[in-house]
Amino acid sequence: MIRVENLSKKFGEVTAVDNVSFEVAAGEIFAFLGPNGAGKTTTIKMLTTLLKPTSGKIEIDGLDPAKQSNEVRKRFGIVFQDPSLDQELTAEENMDLHGVLYSVPRKLRHERTEMLLTLFELWDRRKSYVKEFSGGMKRRLEIARGFLHTPKILFLDEPTLGLDPQSRNQLWTHVKNLNQSEGVTVFLTTHYMDEAERVAERIAVIDHGKIIAQGSPDELKRQTDTDSLEAAFLRLTGSTIRDEKAGAADQMREMARMWRK
Amino acid sequence: MIVASLGQPLLYLLVLGFGLGPVFQKAGNGSYLQFVAPGVIGMSVLFTSVFSGIGLLWDRQFGFLKETLVAPVPRATVMIGKTLGGATVATIQGLLVLAICLIAGFRPVNWLTLPLALVFMIMTAIVFAGLGVAIGSKLQDIQGMQLIMNFVVLPIYFLSGALFPLTDLPTVLNFLTRIDPLSYGVDGLRNIMIGTSQFPPELSLAVLAVAALIFIALGSYSFSKIQI
Ligand SMILES: Nc1ncnc2c1ncn2[C@@H]1O[C@H](COP(=O)(O)OP(=O)(O)OP(=O)(O)O)[C@@H](O)[C@H]1O
Ligand SMILES: [Mg+2]
């Protein structure tokens, strides 16, 4: 369903994605794991027609995203890592607009909107403007919107970022259901290893723009001689923290070190 | 939003119409309010339409643009939709300013043909909404907006004959006014509203139509090339 060969993307001097190759079979749940700045989002942007690759080849359902963009766009749905809602519209209006853009028939659009907003506990707030939502509510709306039309491929870029455990559970259960009942192919990224282990059939680990390991969660553990995916991930990517988006805890540690001096 | 942005045209109308009126009259050009009313309408159509197109920048900043860019709708269709949407708002704005002009004492030569002014408002609005989208597709941040205001929008306005007659100008200035599409929009409005004009209204309409096609083509092209 997705085939990538020698894909690279450079932003000036920075090589964000470096000669990457992989395949995702139809109906598979595939996880792309890697530290901050590894090149996950950049890869997704190239797969979803938002960015042109510097070099390499991409096939989505047999089509080239750079040339047959519109055909490719009909085949996938996406939940972005960064916000992409219209803040000046209500939750319901955002859903409706998406339905119109993807030509979901009106009746189905309303049924699915009600089902999804209920599932992600936003139905009571459907008339509220997105700008009045909390971070987690916006996130839930982004996810609900991504599920409104039923695509062949679903890209989920850190969908659980900032979500409470209940919503995460809802999300992954729903993803699993879609995959089983409709055969939707899923391409996801996450920083939570337990999630990847729970839902992904196959995993690729990317670091500094290069894929450094691929396989099922069990294979990765075997390859690295570890007993958890987390340990396997750390063994593969090292335990140093990437300077980009270093967590609050790391910054505190840094501060503490400076105070001691 | 529409009501708030009526302040500026109102200010122009009052200050220029009544402030410069005596000077203009002494120079033997008749009532300045009559002369400037079509110019002020042109101005508000210009500002509203260009900035509706540049509004694309906000979609980019707040992330919503991504949602439109991955949707299975040809980008040219989205671009034309945005242009027509912006042009509609700008035309409504133009009509409101016309109403204000009438309240302020402006009198058209012929009440029966006054509705034809709408044609020129719509055409002007489409031209500059298209230009706005073309610019908005290229703009990366808010700093660029100030530059566009100073080096594109204001020159278009001041060179259009909105504020002074386009006669007896130095050659360079004369040339610049002739390539400014707004000159034809304002001149067409003047033809209908006060019965005098520099160019035949058919010519003005043709120039506006060509400009609209050029800017829409340009806008569709740059919109379809957006990468984020
Ligand atoms: N538009 C851009 N211009 C310049 N550099 C960019 C751009 N987008 C991404 N990069 C760089 O490309 C690299 C990969 O970024 P990317 O967003 O793909 O990482 P990621 O794996 O999604 O990380 P995260 O887990 O933090 O989301 C980073 O070094 C980033 O700084
Ligand atoms: Mg990312």
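General observations
- Residue count, the stretch B:174-209 (criterion: open to solvent by 10 Å² or more (accessible area, probe 1.4 Å), closer than 24 Å to residue B:114 by Cα and β-branched (Val, Ile, Thr)): 4
- Single condition residue A:212 does not satisfy, out of (1) away from chain B (no Cβ under 14 Å); (2) open to solvent by 70 Å² or more (accessible area, probe 1.4 Å); (3) more than 16 Å from ligand 1 (Cβ to nearest atom): (3)
- Residues that are at the interface with another protein chain (Cβ under 7 Å from one of its Cβ atoms) and either among the acidic types (Asp, Glu) or open to solvent by less than 40 Å² (accessible area, probe 1.4 Å) (or both), drawn from the stretch A:43-58: A:48, A:49, A:50, A:51
Residues are listed down the side, and each one gets a yes or a no for (1) within 11 Å of chain B (Cβ to nearest Cβ); (2) touching a Ser or Thr at 6+ places or on another chain (Cβ under 7 Å); (3) open to solvent by less than 30 Å² (accessible area, probe 1.4 Å):
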| residue | (1), (2), (3) |
| --- | --- |
| A:60 | no, no, yes |
| A:65 | yes, yes, yes |
| A:70 | yes, no, no |
| A:73 | yes, yes, yes |
| A:81 | yes, yes, no |
| A:89 | yes, no, no |
| A:113 | no, no, yes |
| A:117 | no, no, yes |
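- Scanning the stretch A:123-178 for residues that are acidic (Asp, Glu) and modelled with pLDDT under 95 yields one hit, A:164.
- Answer residue from the stretch B:5-59, given it is under 17 Å from residue B:160 (Cα atoms) and free of Cβ contacts under 8 Å to residues at least 60 places away in the same chain and is most open to solvent (accessible area, probe 1.4 Å) among those: B:12
- Within the stretch A:65-87, residues that are over 21 Å from residue A:40 (Cβ atoms) reach partners that are part of a loop (DSSP other than H, G, I, E, B) with beta carbons closer than 7 Å, at six or more positions or on different chains, in the pairs A:69/A:49; A:70/B:72; A:70/B:74; A:74/B:72.
- The residue list A:17, A:24, A:100 contains one member that is away from ligand 1 (no atom under 14 Å from the Cβ) and under 17 Å from residue A:205 (Cα atoms), which is A:24.
- Among (1) away from ligand 1 (no atom under 16 Å from the Cβ); (2) of a type in the set (A, V, I, L, M, F, W, C); (3) assigned to a strand (DSSP E or B) - the single one residue A:85 does not satisfy: (3)
- Residue match in the stretch B:79-97 (condition: within 14 Å of chain A (Cβ to nearest Cβ) and of a type in the set (S, T, N, Q)): no
- Test set (1) surrounded by 14 or more Cβ atoms within 10 Å (Cβ to Cβ); (2) of a type in the set (S, T, N, Q); (3) within 16 Å of ligand 1 (Cβ to nearest atom) - residue B:140 fails condition number: (1)
- Conditions (1) touching a Phe, Trp or Tyr at 6+ places or on another chain (Cβ under 8 Å); (2) within 12 Å of chain B (Cβ to nearest Cβ); number of the one not met by residue A:40: (2)
- Sole exception among (1) modelled with pLDDT under 95; (2) part of a helix (DSSP H, G or I); (3) among the polar types (S, T, N, Q) for residue B:91, by number: (1)
- Some residue of the stretch B:87-94 being closer than 30 Å to residue A:70 by Cα and open to solvent by 40 Å² or more (accessible area, probe 1.4 Å): yes
- Unmet criterion (only one of (1) part of a loop (DSSP other than H, G, I, E, B); (2) more than 11 Å from chain B (Cβ to nearest Cβ); (3) within 16 Å of ligand 1 (Cβ to nearest atom)) for residue A:121: (3)
- Some residue of the stretch B:55-63 being more than 14 Å from every other protein chain (Cβ to nearest Cβ) and assigned to a helix (DSSP H, G or I): yes
The values are calculated or read from the model by the stated rules, or taken from the named source; none is laboratory data. All figures in this text were calculated on a predicted structure; none of them were measured in a lab. Every residue, glycine among them, receives a Cβ derived from its backbone with ideal geometry; neighbour counts consider all protein chains shown. Heavy atoms of the whole protein, side chains included, go into the accessibility calculation; ligands, DNA and RNA do not. Shrake-Rupley method; radii C 1.70, N 1.55, O 1.52, S 1.80 Å.
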